Amino acid sequence: MKYLLEETVDGLGDPVRVWNSDYVGQNLAVSAMYLRATAYLVDKGWAMAPFNLVANTHKVIWVEAADGTPMGGVVYEYHAHNKQGWIVLIFTDEEFRGRRVYSILQRNLEDVTIQAGGTSIASLAHKDNESRLKAGTREGMNPQFLRLYKDLSPELADRKTAISKARNKPWSELNNEKWLPPGR
C-alpha cells in the first residue's frame, strides 16, 4: 500500500506529490525506472557485484508530477541495528533532472528514517559518478569510508604462473582444489 508523504513543489515550482511504499513494485513505472537506473550503473561499471536488485526489506519513496508521471525515486531500507536509513539506489528520470527531485527524495527519506528512530542515512556511490556525488554533497552527505580497489586482471597470467611454480603444480590442478597454505 502506498501512502502520501507530502505535496510540495519541485525546483521549477511545479507541484509534485511524494509517495512511500513498503513494496518496490507498488508502481510499475517507478520499478521500470529503477531497473533502467540499475542497468545504467552496471553498463558504466559503477555497480558493485553481486548486487540485490530487490530484496523483501527494500521500500521505495517516489516523486510524481501533477499528472501522475513518476519523476524519480529512492529504493531504501532501514537498519534498526545502527539506526540508519540505507539508500539502495536513488534515481531521477532523465526528463526531470535539474528539478531538485533528488533533494525532495532525500529530505523525505531523512524524515522517514527519523520517524523510524534513525539517526543517519548512508549509501555507496562510485567515485566516477560525478552527478551522484555532487547531489549527495549538496544535500550534506559526505564520504565516511573509502573502498580501496586493485584490478588484478593485467597481471593474472604472470601471477598464475608464479603461483603454479611456487606450489609445484599446474594451474589446472590448483584451480580446482581448495587453497591450503604451503606445507599442508
Within segment 13-26, residues being open to solvent by 30 Å² or more (accessible area, probe 1.4 Å), out of contact with any Asp or Glu (no Cβ under 8 Å at 6 or more places or on another chain) and either of a type outside the set (Gly, Ala, Ser) or more than 16 Å from residue 104 (Cα to Cα) (or both) number 4
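Where residues in segment 45-69 are over 16 Å from the mean Cα position of the chain (by Cα) and either among the aliphatic types (A, V, I, L, M) or outside any strand (DSSP E or B) (or both), which of them is surrounded by the fewest Cβ atoms within 10 Å (Cβ to Cβ)?
Initial filter on segment 45-69 (over 16 Å from the mean Cα position of the chain (by Cα)): 63-69.
Narrowing further to those that are either among the aliphatic types (A, V, I, L, M) or outside any strand (DSSP E or B) (or both): 63, 65-69.
Details: 63: 30, 65: 18, 66: 11, 67: 5, 68: 9, 69: 13.
Among them, the one singled out is 67.
Quick one: would you say residue 124 is of a type in the set (A, V, I, L, M) and within 25 Å of residue 148 (Cα to Cα)?
Values: of a type in the set (A, V, I, L, M): yes; within 25 Å of residue 148 (Cα to Cα): yes.
Yes, satisfied.
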Is there a residue being under 26 Å from residue 130 (Cα atoms) and either in a loop (DSSP other than H, G, I, E, B) or of a type in the set (D, E, K, R) (or both) anywhere in segment 28-40?
yes
Filter segment 70-125 down to the residues that are open to solvent by 30 Å² or more (accessible area, probe 1.4 Å), hydroxyl-bearing (Ser, Thr, Tyr) and outside any strand (DSSP E or B) and list them by number.
119
How many of the residues making up segment 126-156 are assigned to a helix (DSSP H, G or I) and either in contact with an Asp or Glu (Cβ under 6 Å, 6 or more places away or on another chain) or on the phi > 0 side of the Ramachandran plot (or both)?
0
Would you mind finding the one in 75, 101, 88 that is touching a Gly at 6+ places or on another chain (Cβ under 6 Å) and either under 24 Å from residue 6 (Cβ atoms) or in contact (Cβ under 8 Å) with a residue 40 or more places away in the chain (or both)?
101
Pick from segment 1-27 the residues that are touching a residue at least 60 places away in the same chain (Cβ under 8 Å) and part of a loop (DSSP other than H, G, I, E, B): which of them is farthest from residue 97 (Cα to Cα)?
14
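The values are calculated or read from the model by the stated rules, or taken from the named source; none is laboratory data. If you're wondering where the values come from, they're calculated on a predicted model, not measured in any experiment. Note that each Cβ is placed from the backbone with ideal geometry, even for glycine, and that neighbours are counted across all protein chains shown. Just the protein is used for accessible areas: all its heavy atoms, side chains included, with ligands, DNA and RNA removed. Shrake-Rupley method; radii C 1.70, N 1.55, O 1.52, S 1.80 Å.
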